[in-house]
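Participant: Quick one: the structure is below, questions incoming.
The values are calculated or read from the model by the stated rules, or taken from the named source; none is laboratory data. Values in this document were obtained by computation on a predicted structure and should not be read as measured data. All Cβ positions, glycine included, derive from the backbone under ideal geometry; neighbour counts span all protein chains shown.
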Amino acid sequence: MRKTAIVTGGSRGIGFAIARQLMMDGYSVAILDINSPSDYRHNLDQLAEMGEDAFLYVQGDVRCAQDREHLIKETVDKFGGIHVLVNNAGIAPRVRRDLLEMTEESFDEVIATNTKGPLFLTQLVVKQMLKQGFCGKKRGTIVNISSLSAEVSSINRGEYCISKAGLSMLTTLLADRLAPEGILVHEVRPGIIATDMTMPVKAKYDALFEQGLLPINRWGTPEDIANAVSALVSDKFLYTTGCYVNVDGGLHIKRL
Ligand code: NAP
């Protein structure tokens, strides 16, 4: 039986690479993304070419309850069930401001997208998974794409750090609650990955790489993250839940 995965924020960047990898792994994939399908047509065409019947694009906002419900309905109507959810959609603050200047508006926007949206989307997905039987050795898998910022302080984007620390606790809570149901929960913490999100700070990181910033001293790629997700949702991690994997070139290592 062909399994189904939902990937949020899959029209570009890391989410697109995850969607493509999961399709290569044999999943049917539904993407929820705020962009119009025409915005990243080239990417979506690539996915459709991998299997028109195995691909669904739902334009919607992970912050919006109605859009989340619409996604579940469309996915189940087309594919019959849901086996994997990758909570990938995320935003950085529109403006990086010192912690003392952070606005409530920015805090609310970042938390709603990176933490609250994933929480309530996961609720819906899990309720659907619970209606389904086991598919192989588990009922389903949730993967949260957080960040090294779940742990590392950046005082000019505190709302992002708080949102990812919250997502990390969500990983722990879901893992605890869902293990008896046969649903495993994992977290991937990307480091510095070359996507549109990091293009505004490209020059800064290029200079740091020249000084030997990382043990594996290069930009990470969306494919680095997609490969980790592919392994975690497979049957290779059946005795693991509530853990995070750093995919960061060793950035988390404290060095002298
Ligand atoms: P990206 O290039 O900005 O892509 C994110 C995608 O999510 C975009 O298509 C975006 O739409 C969509 N999105 C944004 N808000 C949404 C919403 N409310 N509902 C539905 N879709 C929404 O980001 P990325 O670099 O691939 O990052 C993906 C994830 O990895 C994020 O959670 C990010 O925090 C995390 N991460 C990234 C890095 C990095 O170095 N890139 C490092 C650590 C963690 P728009 O095009 O309209 O924005």
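Participant: Take region 213-228 and flag every residue that is closer than 16 Å to L148 by Cα and either within 11 Å of the ligand (Cβ to nearest atom) or part of a helix (DSSP H, G or I) (or both).
Facilitator: Scanning region 213-228 gives W219, G220, T221, P222, D224, I225, A228.
Participant: Also, quick follow-up: If I ask for residues that are of a type in the set (D, E, K, R), within 13 Å of the ligand (Cβ to nearest atom) and not in a strand (DSSP E or B), which ones from region 1-40 would you list?
Facilitator: Those that are of a type in the set (D, E, K, R), within 13 Å of the ligand (Cβ to nearest atom) and not in a strand (DSSP E or B): R12, R20, D39.
Participant: So, I183, is that one aliphatic (A, V, I, L, M), farther than 30 Å from E104 by Cα, at pLDDT 95 or above and in contact with a Pro (Cβ under 6 Å, 6 or more places away or on another chain) or not?
Facilitator: When the stated conditions are applied, I183 does not pass them.
Participant: A further question follows. Are there any pairs, at least 6 apart or on different chains, whose C-beta atoms fall under 9 Å, with the first in region 61-81 and more than 14 Å from V29 (Cβ to Cβ) and among the polar types (S, T, N, Q) and the second within 14 Å of the ligand (Cβ to nearest atom) and modelled with pLDDT of 95 or more, and if so, which?
Facilitator: From region 61-81, the pairs are Q66/G60.
Participant: Just for region 146-183: of the residues that are free of Cβ contacts under 8 Å to residues at least 40 places away in the same chain and part of a helix (DSSP H, G or I), which one is farthest from V201 (Cα to Cα)?
Facilitator: Selected residue: P180.
Participant: Of the residues that make up region 193-212, is at least one surrounded by fewer than 11 Cβ atoms within 10 Å (Cβ to Cβ), within 8 Å of the ligand (Cβ to nearest atom) and more than 14 Å from the chain's Cα centre (by Cα)?
Facilitator: Scanning region 193-212, I find at least one residue that is surrounded by fewer than 11 Cβ atoms within 10 Å (Cβ to Cβ), within 8 Å of the ligand (Cβ to nearest atom) and more than 14 Å from the chain's Cα centre (by Cα), so the answer is yes.
For every residue, the table says whether it meets (1) at negative phi; (2) in a strand (DSSP E or B); (3) within 19 Å of the chain's Cα centre (by Cα).
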| residue | (1), (2), (3) |
| --- | --- |
| Q46 | yes, no, no |
| V62 | yes, no, yes |
| I72 | yes, no, yes |
| V76 | yes, no, no |
| L85 | yes, yes, yes |
| V126 | yes, no, yes |
| N144 | yes, yes, yes |
